[in-house]
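Here the structure comes first, spelled out in structure tokens, and everything after it is commentary.
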Amino acid sequence: MIAKANATIELKNAESKYSVKLFDVDVIKDDEIASIVINTSKEIEFIFSLDETGEFNPELQLRVYDSKNNEVFRSEINNSISSTNINKVTGFIEVTTIDFGLITI
């Protein structure tokens, strides 16, 4: 199944670069799924397969790091993606989107 995670990042200090990372949160080790580097306010979107998480219902979290790799933001954990989202009429697996909303740094 393909899933999307998106957010709007608003940077108050546009002179710095920030790394926005999507994680699958686990008990032992959190797995990074995708990342993007930004230096301006923008809407971001990560598109990924649940195969990358190795789970049917991953717990996703968005984290933002400054240019010195200090964590400056951590979202709540979202586990609303499920690989069982199959359209009953067409039989196609639906794309699920997680919206982390507006994040101001």
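Quick note: the coordinates plus some simple rules give every number you see, no bench work behind them. As the structure is a computational prediction, the values presented were derived from the model and not from experiment. FYI the Cβ positions are ideal-geometry reconstructions off the backbone, even for glycines, and counts take in every protein chain you see.
As a rough guide to protection, the peptides 24-34, 43-53 ranked by mean Cβ packing within 10 Å, highest first, stand as 43-53, 24-34.
With the convex hull drawn over the C-alpha atoms of the chain, the volume per residue is 93 Å³.
Under the criterion of Cα pairs below 8 Å and six or more residues apart, the relative contact order for the chain equals 38 percent.
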